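Everything on this sheet refers to the single structure shown next.
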Amino acid sequence: MRVKQQMAMVFNLDKCLGCNTCTLACKNVWTNREGAEYMFWNNVETKPGVGYPKAWEDQNKYRGGWTRDEGGNKPKLRQASRFWLMLNLFYNPVMPQMEEYYGKGPFTFTYEDLHSATPTKLSQPVARPKSQISGEEDIDIEWAVNWEDNAAGAFVGGTGEADPNFKNMSPEARNAYLKFRDSFMMYLPRICNHCLNPACVGSCPSGAAYKREEDGVVLIDQDRCRAWRYCVSGCPYKKTYYNWRTGKSEKCILCYPRLETGQPPACFVACPGRIRYMGPLLYDLDRVAEVANAPEADLVRLHRGLLLDPNDPEVIAAAREAGVTEAWLDACRRSPVYKMVVDWEIALPLHPEFRTLPSLFYIPPESPVASADSAEGPYDMTGDGELFPGLDEFRIPMEYLASLLSAGNVAEVRKALARQLAVRRFRRSERVEGRVDERVMADVGLTVKDARHMHRLLSLAHYHERFVVPTTHTEKTASTPYIERGFAGFAEFTADKGPKRRTTFHGPDVGVEH
Ligand code: SF4
Ligand code: SF4
């Protein structure tokens, strides 16, 4: 057993408002600079839809991630072997193009017109679209990040038709769902998954992309990056980006300067829906390749099994041997992520069939309460005497969620939803009906204690319950990335001038100062 540390995350899709506060928090801290106009390290998609960049989930088109090697013991890069990549450094046919991210290019609006336009009684001043690259005004805008916001693509003939998550349904069933825009929709906030088996790292010919030791954050060393951009095509989630100004690729850094000071990333703190959770995990590096190469139906279960129990004496001994600190071990025991992913099995990885073993897990969304409570008792729309819709009455088709979150394994999604539903029913029995219905929890394999803890964590949890981030060497880091903004960040780099690499967690002797 080789114990490694990983900072991991859970997003509760049941609570996402689609407000994009997370997107703006990230944009303002990290990508409000030249060359990064089109980049959104955090974006929030509306499903059904094709997302940003268009059709990122379609690996027949982009060839990202890994494929299973049935005869072997580790997966293979889908785009090509490392040897082929080296031979074809100047030819990459599966690179997403700007139009797939941003139509004709990133744009802003002439907001200054709102203040400076000559007053007239005929019309209000209008902010007109303007290219962020050329400055040209009144350009056509036809696609951008979050273009399908609020079901804008979910209709017959819309982009929702090309959503690959309908693949296990007939075209008739898909169109029946799309015909009525409100039949279902959901938000999908996305950041880099800081994967245990990152295809961006596996694809990089320069060795610039790496997974750092102290917390598993995946980074791209700006000094070593040679702009081959195989990380962009290799990442199946399309979460690395090429910066035309610096000539380097870059990506979400999980706000590591904040992590080092015990704070969660900016997008986590900003989220008003409080859907985001963060906590450390331990995993067994020796088994990563084998799990990533498992049959699709087993991927979620085996991924869970890769995460080590921080209360197991054998794991604790191996972790100490590997140099894991007591502070990290203590944080692992309090990690909300371990609870939701392993103990309760309610959080699932996004597209596990890409075989990168993401460290970000999603709690699938429940459907709204379809019935109403009244003085005469529940107004029962479902016909089974229940206030809450049963699993088979959920608006979002199970096959759709399974395609998104469990490589098509419907049983995993049903279990995650049934457990959330059981907590709803249990809490109603306790708070409204004045009795403790232990049976609903036992039916889904959980206890009353689990129900109370799940309810607390999913709906009431405060800052320190949602974010368990062990502090590191605060004296060696800035307290907030905000104060570094503008003079010590990506904006300082150019193709001919390397950045200063930061000293690392392990101290000044390890980090290289250039
Ligand atoms: S999600 Fe992040 S860590 Fe995973 S492959 Fe993509 S860029 Fe790499
Ligand atoms: S993740 Fe949070 S901040 Fe982002 S859109 Fe959802 S609710 Fe808003």
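A Cβ distance below 8 Å, combined with a sequence gap of six or more or placement on separate chains, defines the contacts here; from the stretch 248-263, residues that are touching a residue at least 60 places away in the same chain (Cβ under 8 Å) and farther than 12 Å from V29 by Cα reach residues that are polar (S, T, N, Q) and surrounded by 23 or more Cβ atoms within 10 Å (Cβ to Cβ) in the pairs E250/T240; E250/N243; K251/T240. Among the residues examined, C192 does not qualify as assigned to a helix (DSSP H, G or I) and either open to solvent by less than 20 Å² (accessible area, probe 1.4 Å) or more than 16 Å from ligand 1 (Cβ to nearest atom) (or both). Residues that are surrounded by 10 or more Cβ atoms within 10 Å (Cβ to Cβ), part of a helix (DSSP H, G or I) and of a type in the set (A, V, I, L, M, F, W, C) within the stretch 60-90 comprise W84, L85, M86, L87, listed in sequence order. The lone criterion from (1) within 16 Å of ligand 2 (Cβ to nearest atom); (2) in a helix (DSSP H, G or I); (3) among the hydroxyl-bearing types (S, T, Y) left unmet by Y177 is number (1). Considering the stretch 430-442, and only residues there that are part of a helix (DSSP H, G or I) and touching a helix residue (DSSP H, G or I) at 6+ places or on another chain (Cβ under 7 Å), the residue that is nearest to P280 (Cα to Cα) turns out to be M441. If you check G273 against the conditions, is it in contact (Cβ under 8 Å) with a residue 40 or more places away in the chain, in contact with a Lys or Arg (Cβ under 6 Å, 6 or more places away or on another chain) and not in a helix (DSSP H, G or I)? Answer is yes for this residue.
Looking only at the stretch 416-431, which residues are open to solvent by 60 Å² or more (accessible area, probe 1.4 Å) and in contact (Cβ under 8 Å) with a residue 12 or more places away in the chain?
The first filter runs over the stretch 416-431 and keeps only residues open to solvent by 60 Å² or more (accessible area, probe 1.4 Å), leaving 424-425, 431.
Matches in the stretch 416-431: R424, R425.
May I ask you to list the residues in the stretch 15-46 that are more than 11 Å from ligand 2 (Cβ to nearest atom) and part of a loop (DSSP other than H, G, I, E, B)?
Selection gives T31, N32, R33, E34, G35, A36, E37, Y38, M39, F40, W41.
For the stretch 2-14, give me each residue that is at pLDDT below 95 and either within 16 Å of ligand 2 (Cβ to nearest atom) or at positive phi (or both). Across the stretch 2-14, the qualifying residue is only D14.
Residues being open to solvent by 10 Å² or more (accessible area, probe 1.4 Å), hydroxyl-bearing (S, T, Y) and not in a loop (DSSP other than H, G, I, E, B) are represented in the stretch 239-250 by at least one member. Of the helices (runs of 4 or more DSSP H) lying entirely inside the stretch 281-352, those containing at least 1 residues that are free of Cβ contacts under 8 Å to residues at least 60 places away in the same chain and closer than 21 Å to D69 by Cα are 299-306. Selection of the stretch 213-258 for residues being of a type in the set (K, R) and either within 22 Å of L285 (Cβ to Cβ) or within 11 Å of ligand 1 (Cβ to nearest atom) (or both) yields K238, K239, K251. Restrict the check to the stretch 35-49 and report whether at least one residue is open to solvent by 10 Å² or more (accessible area, probe 1.4 Å), modelled with pLDDT of 90 or more and aliphatic (A, V, I, L, M). No: the stretch 35-49 contains no residue that is open to solvent by 10 Å² or more (accessible area, probe 1.4 Å), modelled with pLDDT of 90 or more and aliphatic (A, V, I, L, M).
The values are calculated or read from the model by the stated rules, or taken from the named source; none is laboratory data. A quick note: this is a predicted structure, and the numbers were derived from the prediction, not measured. Cβ: placed from backbone, ideal geometry, glycine included. Neighbour counts: every protein chain shown. Quick note on the areas: whole protein, heavy atoms, side chains included, nothing else; ligands and nucleic acids left out. Shrake-Rupley method; radii C 1.70, N 1.55, O 1.52, S 1.80 Å.
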